[in-house]
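Asker: First the structure, which I've put down as structure tokens, then a few questions once you've had a look.
The values are calculated or read from the model by the stated rules, or taken from the named source; none is laboratory data. These figures come from a predicted structure and were not determined experimentally. Here the Cβ is made from the backbone with ideal geometry for all residues, glycine too, and neighbour counts use every protein chain on show.
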Amino acid sequence: METEKLYYQDPYLTAFTARVLSCEKSKSGWAVVLDRTAFYPEGGGQPADHGTLGAVRVTDVHETKGVIFHTCDGPVEIGTQVAGAVDWLRRFDHMQQHSGEHILSGLLCSLYHCNNVGFHLGADTVTIDYNAELTWEQVMAAEKAANEVIWQDTPVDITFPAPDALARLNYRSKKALTGQVRIVAFPGADCCACCGTHVRRAGEVGIIKVLSCQKFREGVRLEILCGSRAYRYLSQVYDQDRAVAQLLSVKPQDTLAAAERQAEELVAAKQRMTELEDQLFSLRAQALTDRGDLLLLEPPTRPDGARKLADAAAKASGGLAAVFAGAEFSYVYALVQADGADISPLVKRLNAALSGRGGGRNGFAQGSVQADRTAICDFFRKEGIECPTC
């Protein structure tokens with residue numbers, strides 16, 4: 001016997017009673033079948049409802065050949081009447097997300113002739129796949145139109161048309177349908193075959209916000225939020241913008257311009273720091289003229305700093321310049337041999353002794369070691385190379 005679907009009669013129904021027809025142990029708990037239910041089973045991209053049946057929790061719901069199975073964390077007695085309670089916050093969240101997706105997809109279809117070919121209502125966001133490419137400007141235009149539909153707050157029309165009426169109806173559907181077809185219509189936006197739960201009026205969706213539009217297969221994938229999810233997201237974004245505005249000492253609406261100025265100043269400062277560091281390397285190298293092989297231990301520097309100092313020092317000293325930049329037990333190194341001679345044997349010994357990684361060729365090597373200052377100095381002292389800063 002097929003289960004009576006109370007969620008179609010009233011998607012706002014959260015409390016009901018039903019007779020227990022069967023209860024069997026399953027891999028994920030107990031599979032309970034009722035004569036009727038307000039619990040929506042997973043389907044059409046919409047997750048299942050959660051809630052309780054008597055004293056046990058309903059953790060999943062699915063439908064097979066018209067029979068709805070409730071996965072529970074405990075058994076219920078067959079033949080008894082049981083009180084069901086649907087988690088309303090979860091149900092209404094799903095209604096907002098699903099209804100918002102319909103409004104947006106219907107408008108994208110009518111505006112840009114693209115079809116919704118995939119829908120997933122996730123725990124955090126909703127993803128929708130379309131079979132045509134869309135620009136961000138087109139998506140934003142559709143988002144604006146979708147929110148205008150919400151503001152009009154028109155009633156949602158849900159029907160089961162007769163076959164002849166259905167044949168004359170222009171509606172969206174991902175696949176060919178047989179039997180009784182449920183049509184969900186948002187006036188001015190969408191008319192679509194759907195098995196999910198929806199709001200009574202468009203205004204209950206609250207707001208639709210598109211987060212991203214990325215190329216996916218032959219079309220695009222949108223990530224959206226609706227209703228309370230969109231409100232929480234926009235509140236978080238505003239709080240972050242307000243905090244950034246306080247850091248930059250500007251009004252929230254001026255944070256972008258202020259951040260751009262800060263970025264430009266940072267680029268200029270980094271460029272100036274590089275120039276000054278290069279000048280410092282040159283001055284350091286001048287003091288090492290004709291010193292031969294040497295080791296230099298330096299504080300942390302920019303990514304190419306060790307190599308640049310090693311180049312300058314090797315040219316000035318006429319020998320091997322080994323520069324280690326870092327602190328405590330983490331150093332990067334650059335080794336340069338002035339005459340370009342092979343230093344790979346030294347590098348192999350260095351890596352073995354100092355837990356290092358790296359290599360090179362033609363008189364140059366670079367890498368990193370997990371060793372402290374003392375261990376580095378001791379290794380090079382054994383190699384006959386002194387460190388002016390040790």
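Asker: Filter segment 56-106 down to the residues that are assigned to a helix (DSSP H, G or I) and of a type in the set (S, T, N, Q) and list them by number. Don't jump to the end; show me each part of the working.
Answerer: First pass over segment 56-106, keeping only residues assigned to a helix (DSSP H, G or I): 88-106.
Listed by number, the residues that qualify are GLN96, GLN97, SER99, SER105.
Asker: Separate question: Need the failing condition index for THR37 against (1) among the hydroxyl-bearing types (Ser, Thr, Tyr); (2) crowded, with 18+ Cβ neighbours inside 10 Å; (3) at pLDDT below 95, just the number.
Answerer: Only one criterion in (1) among the hydroxyl-bearing types (Ser, Thr, Tyr); (2) crowded, with 18+ Cβ neighbours inside 10 Å; (3) at pLDDT below 95 is unmet by THR37, namely (3).
Asker: Pull out all pairs, ordered by first then second residue, where Cβ-Cβ is under 8 Å, the residues are six or more apart or on different chains, the first lies in segment 331-360 and is in contact (Cβ under 8 Å) with a residue 24 or more places away in the chain and assigned by TED's automatic domain parsing to the domain that holds ALA310, and the second is in a helix (DSSP H, G or I) and of a type in the set (S, T, N, Q).
Answerer: That search, which allows pairs on different chains as well, returns ALA338/SER317; GLY358/ASN351; GLY360/SER344.
Asker: Which of (1) in contact with a Cys (Cβ under 7 Å, 6 or more places away or on another chain); (2) modelled with pLDDT under 95 does PRO161 not meet, given it meets every other one?
Answerer: Answer for PRO161: the failing condition is (1).
Asker: Of the residues that make up segment 133-148, is at least one in a loop (DSSP other than H, G, I, E, B), in contact (Cβ under 8 Å) with a residue 24 or more places away in the chain, in the same structural domain as HIS102 (by TED's automatic domain parsing) and more than 24 Å from the chain's Cα centre (by Cα)?
Answerer: Checked segment 133-148: no residue is in a loop (DSSP other than H, G, I, E, B), in contact (Cβ under 8 Å) with a residue 24 or more places away in the chain, in the same structural domain as HIS102 (by TED's automatic domain parsing) and more than 24 Å from the chain's Cα centre (by Cα).
Asker: Identify the residue in segment 77-126 that is acidic (Asp, Glu) and within 26 Å of the chain's Cα centre (by Cα) and, among all such residues, is surrounded by the most Cβ atoms within 10 Å (Cβ to Cβ). Give the steps one after another, and end with the answer.
Answerer: Going through segment 77-126, the residues acidic (Asp, Glu) turn out to be 77, 87, 93, 101, 124.
Checking which are within 26 Å of the chain's Cα centre (by Cα) leaves us with 93, 101, 124.
On the way: ASP93: 18, GLU101: 29, ASP124: 8.
Result: GLU101.
Asker: Among all residue pairs at least 6 apart or on different chains, which show Cβ distances below 7 Å where the first residue, located in segment 34-51, is part of a strand (DSSP E or B) and the second is of a type in the set (Asp, Glu)?
Answerer: ARG36/GLU4; GLY43/GLU63; GLY51/ASP87
Asker: If ASP157 passes every condition in (1) within 34 Å of the chain's Cα centre (by Cα); (2) in contact (Cβ under 8 Å) with a residue 24 or more places away in the chain but one, which one does it miss?
Answerer: (1)
Asker: Here is a list of conditions, (1) modelled with pLDDT under 95; (2) in contact with a Cys (Cβ under 9 Å, 6 or more places away or on another chain); (3) hydroxyl-bearing (Ser, Thr, Tyr), and SER28 meets all of them except one; can you say which number that is?
Answerer: Of everything listed in (1) modelled with pLDDT under 95; (2) in contact with a Cys (Cβ under 9 Å, 6 or more places away or on another chain); (3) hydroxyl-bearing (Ser, Thr, Tyr), SER28 misses just condition (2).
Asker: Would you be able to say whether some residue in segment 191-212 is in a helix (DSSP H, G or I), buried (at least 16 other Cβ atoms within 10 Å of the Cβ) and within 26 Å of the chain's Cα centre (by Cα)? Before the answer, list the steps.
Answerer: We begin by selecting, within segment 191-212, every residue in a helix (DSSP H, G or I); these are 202-205.
Remaining after also requiring buried (at least 16 other Cβ atoms within 10 Å of the Cβ): 202, 204-205.
With within 26 Å of the chain's Cα centre (by Cα) added as a condition, the list becomes 205.
Scanning segment 191-212, I find at least one residue that is in a helix (DSSP H, G or I), buried (at least 16 other Cβ atoms within 10 Å of the Cβ) and within 26 Å of the chain's Cα centre (by Cα), so the answer is yes.
Asker: Kindly provide the set of residues from segment 361-374 that are within 21 Å of ASP311 (Cβ to Cβ) and in a helix (DSSP H, G or I), ordered by number.
Answerer: Taking segment 361-374 first, the residues within 21 Å of ASP311 (Cβ to Cβ) are 361-369.
Answer for segment 361-374, where residues must be within 21 Å of ASP311 (Cβ to Cβ) and in a helix (DSSP H, G or I): there is none.
Asker: Right, another one. Quick one: PRO300 ticks every box in (1) buried (at least 16 other Cβ atoms within 10 Å of the Cβ); (2) in contact with a Gly (Cβ under 6 Å, 6 or more places away or on another chain); (3) within 17 Å of VAL369 (Cα to Cα) bar one, so which box is it?
Answerer: PRO300 satisfies every listed condition except (1).
Asker: I'd like the full set of residues that are surrounded by 14 or more Cβ atoms within 10 Å (Cβ to Cβ), over 21 Å from LEU121 (Cα atoms) and of a type in the set (Gly, Ala, Ser), limited to segment 40-63.
Answerer: GLY54
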